[in-house]
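Structure record follows, encoded as structure tokens.
The values are calculated or read from the model by the stated rules, or taken from the named source; none is laboratory data. Being a predicted model, the structure only gives us computed values, none of them experimental. Don't worry about glycine lacking a Cβ; one is built from the backbone with ideal geometry, like all the others, and counts go over all protein chains shown.
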Amino acid sequence: MGTLDKLTERLSRGVARRTSRRSTLAWLGAAITGAAAFPVLPVARAASGSPHGGGDGGTHTPYATGNPQDPGDRKSCDYWRYCAIDGFLCTCCGGSVSTCPPGTEMSPITWIGTCTNPADNRAYIISYNDCCGTSSCGQCMCNRNEGDRPQVRPQSNNDYNWCLGTQSSVYNCSTAVIVGVALEQPK
């Protein structure tokens, strides 16, 4: 017998002496159970080079609102409404800041954030809706986690695939819809 065969036999016999069938089955069962849990973990969307994850490298055409009460470039991760967004911006994917691109549907289940509008210095409640139905847009990736909460508070966590309650659970992009004005903090 070759050296490799002798080494393999010695290791196999050593493992057989030190372990029982039950412990091996228990370990195998735990591994199978752990592997089955992977599909239920939240989806991590790919990030890229900029601090907020902006996926187009700054090469997009600016998409300013033109409204002095809603300042900023809607295709930039620095746009004020995107303070808690995690995903591709629908403004770069054929939609707008509050509508989904054609061929996708808006998820009725959302996460929320509170962002301050620099025009009036007021805090607004923003509903982040995922648009679902076609493959990921792949443009203008943003990952801003201001006010992000642990996953035990899912309504305030942006790390889930929120395409629930739609025809398809395939994620495309994310919107940022103003829901209302946040209450003033007591002084």
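Give the residue that is nearest to the chain's Cα centre (by Cα), with candidates limited to residues of the range 64-79 that are in a loop (DSSP other than H, G, I, E, B) and either in the same structural domain as D120 (by TED's automatic domain parsing) or at pLDDT 85 or above (or both).
Going through the qualifying residues, I end up with C77.
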Seminar exercise, completed: Of (1) surrounded by 19 or more Cβ atoms within 10 Å (Cβ to Cβ); (2) over 13 Å from A182 (Cα atoms), G103 satisfies every one except (1)
Problem set entry | Residue, nearest to the chain's Cα centre (by Cα), within the range 81-105, restricted to residues that are part of a loop (DSSP other than H, G, I, E, B) and of a type in the set (A, V, I, L, M) | I85
Exercise. Which condition number in (1) at pLDDT below 90; (2) crowded, with 22+ Cβ neighbours inside 10 Å; (3) in the same structural domain as N172 (by TED's automatic domain parsing); (4) in a loop (DSSP other than H, G, I, E, B) is the one that P108 fails?
Worked result: (2)
Seminar exercise, completed: Taking the range 79-114 and keeping only residues that are among the hydrophobic types (A, V, I, L, M, F, W, C) and free of Cβ contacts under 8 Å to residues at least 40 places away in the same chain, one is left with W80
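Results for (1) surrounded by fewer than 20 Cβ atoms within 10 Å (Cβ to Cβ); (2) at pLDDT 90 or above, shown as yes or no for each residue.
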{"position": "P62", "(1), (2)": "yes, no"}
{"position": "R81", "(1), (2)": "no, yes"}
{"position": "D86", "(1), (2)": "no, no"}
{"position": "T99", "(1), (2)": "yes, yes"}
{"position": "Y128", "(1), (2)": "no, no"}
Exercise. Quick check, is T116 farther than 16 Å from Y79 by Cα and either at pLDDT 90 or above or assigned by TED's automatic domain parsing to the domain that holds I85 (or both)?
Worked result: no
For this session: Output the number of residues of the range 1-22 satisfying the condition of being surrounded by 10 or more Cβ atoms within 10 Å (Cβ to Cβ) and either modelled with pLDDT under 80 or in contact with an Asp or Glu (Cβ under 6 Å, 6 or more places away or on another chain) (or both).
Result: 0
